[in-house]
Amino acid sequence: MLHRTRELLVRQRTMLVNAIRGHMAEFGIVARVGLPQIKELLAVIADREDHRLPPGARACLESLGRQFLSLHEEICAADKHLHAWHRSNPVSQHLATIPGIGPVTASALAASIADPSVFKSGRELAAWIGLVPRQNSTGGKQRLGKISKQGDPYLRWLLVAGAMTVIRHAKRRGATNQPWLDDLIARRPTKVAAVALANKMARMAWALLRHGGAYWQPLVTASL
């Protein structure tokens, strides 16, 4: 329930951010993309010496800004509860050892998958979440399409967001100790690579849920 409540609050906050950005853009006031940069727009709204905003528009934007700040506080409070639960749950802590999975995603997986034995394999779990591409067979040839919208959209969003973080970090550093990931990033678009990595993360999560233990980063040995 805590995760679903947080998800709803995040969606509402995103709607408010988009509304504030859209309204202020009509007056030529824009800010960089990202949640932290919304503070720049809120500062303009609060500055009554800034005459780019007419009084009527400022009143509307102040109302949206108050709602945004209230929702942001509620989300931060939910995050604190999730982190506290994560610290008290060994299964959630083990899941957080997987690269790309933090306390929020780990606690969501631990709470959503109480009995991992209902899935025969990690692939079944990935399919249940919705991280397996649709398959189309034509003339005896199997073609993989986009991932379906079925499954658990919240878990899928968390895993893909975590995978994107891993890939951005890998691109900044130039290489990882996982050759398959380096090859994937080099060959495929970022979003495609993120879904593939999220699929792998889901399968690793199933292995930990099913058999216990923590994730150990594989060692890469140089070939002679």
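Summary of values
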read-out: Flag for Ser63 being at pLDDT 90 or above and either in contact with a Pro (Cβ under 9 Å, 6 or more places away or on another chain) or within 30 Å of Gly28 (Cα to Cα) (or both); value: yes
read-out: Cross-chain or 6+ apart pairs with Cβ under 7 Å, the range 126-137 first and at pLDDT below 50, then charged (D, E, K, R); value: Asn136/Arg143
read-out: Of all residues making up the range 43-59, the number that are part of a helix (DSSP H, G or I) and within 13 Å of Phe27 (Cβ to Cβ); value: 6
read-out: Residue among Ser70, Ser117, Ser112, Ser121 that alone is surrounded by fewer than 19 Cβ atoms within 10 Å (Cβ to Cβ), among the hydroxyl-bearing types (Ser, Thr, Tyr) and modelled with pLDDT of 95 or more; value: Ser70
read-out: Positions within the range 8-36 being in contact (Cβ under 8 Å) with a residue 60 or more places away in the chain and more than 25 Å from Gly56 (Cα to Cα), in sequence order; value: Leu9, Val10
read-out: Number of positions in the range 1-42 that are surrounded by 12 or more Cβ atoms within 10 Å (Cβ to Cβ) and farther than 25 Å from Leu82 by Cβ; value: 13
read-out: Test set (1) in contact with an Asp or Glu (Cβ under 9 Å, 6 or more places away or on another chain); (2) exposed (fewer than 15 other Cβ atoms within 10 Å of the Cβ); (3) within 25 Å of Pro153 (Cβ to Cβ) - Lys80 fails condition number; value: (1)
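The values are calculated or read from the model by the stated rules, or taken from the named source; none is laboratory data. In this text, all values refer to a predicted model and were calculated from it rather than measured experimentally. Glycine gets a Cβ as well: all are built from the backbone with ideal geometry, and neighbour counts include every protein chain shown.
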